[in-house]
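None of the figures in this text is laboratory data; all of them are computed from the coordinates on show. Fair warning: this is a prediction, and the values are worked out from it, not measured in the lab. In this analysis, Cβ positions are derived from the backbone assuming ideal geometry, glycine residues included, and neighbour counts consider all displayed protein chains.
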Amino acid sequence: MEKNTAIWLTDHDLNRLRHLVANLTKRTRGMQAGVEALEEILDLGRVVLPHEVPHNVVTMNSKVVFEDLQSREQRVVTIAYPDDADPTGGKISILSPVGVALLGLSEGAETELPLPRGRTTRIRIREVAYQPEASGEYAL
């Protein structure tokens, strides 16, 4: 994550994600890196009320277009809670490397994405195609 990149979190997302991290069990085996990265974001994020988050920021349940700057491949994903994740349908878990890398960043932001075998690639958020808060959806 870039040091000068602001991380935005709604207070609702922060509370739900802290609860998720606190209640994780053995089913997270193999996802520990995602849990640790998420905890770091939760500790560093700028927390705002849902109606205060900028419309171009990735929040939970946002649909995001991002580009791998090395391969130039673009992907569209929706950031989901683990129980709602469906990778074949484009819904990725917040505990996945991509999910945790995108959360809280805004359009145009770049960050490093960890890959298997210790490799990384750089990604850029092209568009937040849908953000619940920008649509007036502040579900609890």
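Some notes on this structure:
- Spin-label pair Arg124-Arg75: with each label point 7 Å from Cα along the Cα-Cβ axis, the two points sit 1.8 nm from one another.
- Neighbour-limited loop hits for trypsin sites (Lys or Arg not before Pro), segment 93-140 (at most 12 other Cβ within 10 Å; DSSP other than H, G, I, E, B): Arg119
- Where GluC sites (Glu not before Pro) fall in DSSP loop in segment 21-111, at most 12 other Cβ within 10 Å: Glu73
- Label sites at Leu115 and Asp68, each approximated as a point 7 angstrom past Cα along Cα to Cβ, lie 0.6 nm apart.
- Spread of Cα-to-Cα distances over 10 Å intervals beginning at zero, given as percent, for the chain: 12, 46, 36, 6, 0
- Only the Cβ atoms of Lys and Arg (+1) and of Asp and Glu (-1) were treated as charged; on that basis the dipole of the chain about its Cα centre amounts to roughly 500 debye.
- Structure remark: mean-square fluctuation, Gaussian network model of the chain, C-alpha springs under 10 Å; the largest value among Asn61, Asn23, Asn15 belongs to Asn23.
- At most 16 other Cβ within 10 Å, DSSP loop - trypsin sites (Lys or Arg not before Pro), segment 70-104: Arg72
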